[in-house]
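Only the coordinates and a few stated rules stand behind these numbers; no lab work does. Just so we're clear, the structure is a prediction, and the values are computed from it rather than from any experiment. All Cβ positions, glycine included, derive from the backbone under ideal geometry; neighbour counts span all protein chains shown.
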Amino acid sequence: MTSAGVDAGTKDYEIVVVRRNDCEVYRFRSESVKENASEFIETLQSLEVDAIAGLSGYGLPIKKFSELSDYEIFLMTLNLDTEKAMGLRSLIRELRNKDLNLYTIPGVIHLPTIPKWRKFNKLDLGTYDKLCSAVLAVFEFLAEKRLEEQNFLLAEVGYGFTSVLAVKGGKIVDALGGTSGFSGYSSLGSMDAELAYLLGEFPKEIVFSGGVRDYVLENNGDEIEILSEFVLKDLKALEISAGKAELCFLSGRFAREVEPVISEFYETRILHGFCDAKQSAQGAAIIANAIANGEFRKVVEHMEIFSAKECIFDNLSEKVRKKVLERVSKILELQ
């Protein structure tokens, strides 16, 4: 069984092909893919694999790309820009028209393993790639603990965003996404509601700015010290949901940089996986393998990823959901 996983990162795109714990890795600069995706698409088309999974943004219950509607593509990107189809959205539209065995992956909020009150009035509890990193962590931890015995925290500290997940009994039970927790390296994280009110309508680009990097550029300070503090605060917030979780997996571009601080409070491990490749892309390959009924299906089934069925808006309060859907419908009608 051969499968491939794709990570669409803020700085880099990566394709990982997994054959019996052996990896083949293809890397592309994100800006290059946005400017001209032809080489990236040709690479996907050239792969001789049973299934590919990834490129799903905020996530969508497992579905073949060729079957995606325009509205489902919007749900994966949450992009209302009427001027241009930015980055991932335009790439997904191109791939929808290709003859690829390519599938979507849910976001963390789609999982039935997280109680609904923890999802209330939330959209981002972790994009699909954060879920993929958790899948890889669960698989890697199998060498020591059975699925039902696994309790741990995972902090994915990327170039753009930080996301933290709580795993209990081998299932994701709570999370803070890149836009619902403390600031990441590039992103501002959660936004003060009063600030959002004063900003009014603002471009999507603001979500990708205002993080630790911008603070240091404007005020000086130690980037890693500040980032480590914010990661630790996210982890502490999820302790109540994880139960006894003394172990913390770290993944993402800044995993090693924040480890000295996090290791003062938790036993820490850098998440590796099969090879020197993005952890999220490896996790996506595990999910692709499961979609094709491969040897990793038991892990993915246990985590109830195949049971993900919700729409990303399902957990909004009635008043908030009505306002969001009215605005979304109005803008999408103009596109």
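So for segment 2-334: antiparallel DSSP bridges make up what percent, rounded to the nearest 5? Each step should come with its number before you reach the end.
Details: 29 of 43 bridges.
Here the share of antiparallel DSSP bridges comes out near 65 percent.
For segment 1-79, which GluC sites (Glu not before Pro) are in a loop by DSSP, counting at most 15 other Cβ atoms within 10 Å?
On the way: sites: 14, 24, 31, 35, 39, 42, 48, 67, 72; in loops: 48.
Those that pass, being in a loop and sparsely packed, are 48.
Determine the alpha carbon to alpha carbon distance for each of 145/168; 145/309; 244/278; 171/244 and list only those over 21 Å. Please list the in-between numbers first.
Values: 145/168 12 Å; 145/309 28 Å; 244/278 28 Å; 171/244 14 Å.
Long pairs (Cα-Cα over 21 Å): 145/309; 244/278.
Normalising the average separation of contacting C-alpha pairs (under 8 angstrom, six or more residues apart) by the number of residues puts the relative contact order of segment 41-101 at 45 percent. Less than 12 Å apart at the alpha-carbon level, and either on another chain or at least 8 residues along: which aspartates and glutamates does that give for residue 236? In chain and number order, the partners are 246.
Based on Cα contacts under 8 Å between residues 6+ apart, the chain shows a relative contact order of 22 percent.
Compute the length gained on full extension between residue 98 and residue 195: take 0.36 nm times their separation in residues and subtract their Cα-Cα distance, giving the result in nm to one decimal. Write down the numbers at each step before the final one.
Details: separation 97, 0.36 × 97 = 34.92 nm, distance 4.21 nm.
Gain in length upon complete extension: 30.7 nm.
Charged side chains reduced to their Cβ positions (Lys and Arg at +1, Asp and Glu at -1) give segment 2-334 a dipole of some 1020 debye around its Cα centre. Computed from phi, the 3J(HN,Hα) profile of segment 297-309 under the Karplus parametrisation 6.51, -1.76, 1.60 (θ = phi - 60°) reads 4, 4, 5, 5, 5, 4, 7, 6, 6, 6, 8, 5, 9 Hz, with x in place of Gly and Pro. Sorting the segments 294-305, 142-153 by their mean number of nearby beta carbons within 10 angstrom, highest to lowest, gives 294-305, 142-153. Once Rh is set to the Kirkwood radius over Cα pairs, what Stokes-Einstein translational diffusion coefficient, in µm²/s, holds for the chain at a temperature of 4 °C and a viscosity of 1.567 mPa s? Value of D from the Cα-based Kirkwood radius: 65 µm²/s. Scalar couplings 3J(HN,Hα) for segment 131-139, obtained by applying the Karplus form with A = 6.51, B = -1.76, C = 1.60 to θ = phi - 60°, are 4, 4, 5, 5, 4, 5, 5, 4, 5 Hz; x denotes Gly and Pro. The amide H of residue 51, built 1.01 Å from its N in the peptide plane, has 4 as neighbours under 5 Å, considering only residues 5 or more places off or on other chains.
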